[in-house]
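What follows draws every value from the coordinates through simple rules; no lab data is involved. Not measured: the values here are computed from a predicted model. Neighbour counts are summed over all protein chains in view; Cβ atoms, including those assigned to glycine, are modelled from backbone coordinates with ideal geometry.
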Amino acid sequence: MKSFFLLLGCLAPFSVHAQVWDANFDFSARTYPFGAAIGVEGGYGVPIWGDTAEYKYGYTRVGGRLQSSGVVNTLTGQVEVFPISFWGLQLKSGWGHRQLDDISTLDCTRLECSGSLSRTSLGSPLFWAAGPFFGRVRLEYTWVASSENTYPLLADESTNLRLRGSGDEIRRWDVLAGLKIREDLKAMLFYETNKAQKTESRNETYGAIVRHSWDSHTVYFGTGIYESTTTSPHLQFFGSYVLTFAQGLGY
């Protein structure tokens, strides 16, 4: 990761570079709450100032993502504006259809687990680095609405929260701090919390991740503790594989 924890006053003169495509395929799975999915994502980034060979540049990006677990299928579009490479705003809007009979942490006999959901989210990530250390802090708000109203509450499989069926808002915080052991090997600690604003349903996950990369391949393995307002703390294992076809402008 590029080192960029410096003052904004050090900005380079305006210098637009060529547009950049990005594309990848990924597979991820976790043991609790149990879930697995595959996805493809692509985007088109345009530098708006600075030198992309360093950290001192800004860019915009438009992209899309298609994800499926078999019973849950989602399509999401995204627009990003990064005034400087390590901080920006991300706006996402998506639609998904699901046909779930069971969710390990939620009761589908009393909650809406099927039908279509729309999601619109606004997030702001901040990346940092100093020597071999690096990290990210991100705040994101997501507005969720359901096409089905059989039950007053719905089960959100992406966060495992109970949401108001007529519409709800999810606030997410996540913090990650890592150490680069080698160029191809990194170790990280993380913390994430999600809270539904109308139902007060909440969860937390915290633990450790190891990242190994080679050529265009990247694998992640991690473990942590998951706890929520609907379940006691559980040990969690998770992993993912990413195949990068084209590297974009972002971190």
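Structural remarks
- Around the Cα centre of the chain, unit charges on the Cβ atoms of Lys, Arg, Asp and Glu (plus for the first two, minus for the last two) sum to a dipole of about 420 debye.
- Extension gain, Ser213-Arg171: 0.36 nm per intervening residue step, less the Cα-Cα distance, totals 12.0 nm.
- Shape box of the range 183-251 [Cα atoms, principal axes, largest first, Å]: 44, 25, 16
- Listed residue (Gly70, Trp214, Ala53) projecting farthest to the positive dipole end of the chain, Cβ model: Ala53
- Residue exposure proxy: Phe86, Phe133, ordered by other Cβ atoms within 10 angstrom of their Cβ from fewest to most, comes out as Phe133, Phe86.
- Rough spin-label spacing in nm, given labels placed 7 Å along Cα→Cβ, for Asp107 and Trp87: 4.6
- Tyr251-His97 FRET efficiency (beta carbon distance; Förster radius 51 Å; 0.05 resolution): 0.95
- If a spin label sat at a point 7 angstrom from the Cα of Trp143 along the line to its beta carbon, the backbone N atoms of the range 100-123 nearer than 16 Å would be those of 117-123.
- Cα-Cα P(r), the range 8-246, percent of pairs per 5 Å interval: 1, 6, 11, 15, 20, 19, 12, 8, 5, 2, 1, 0, 0
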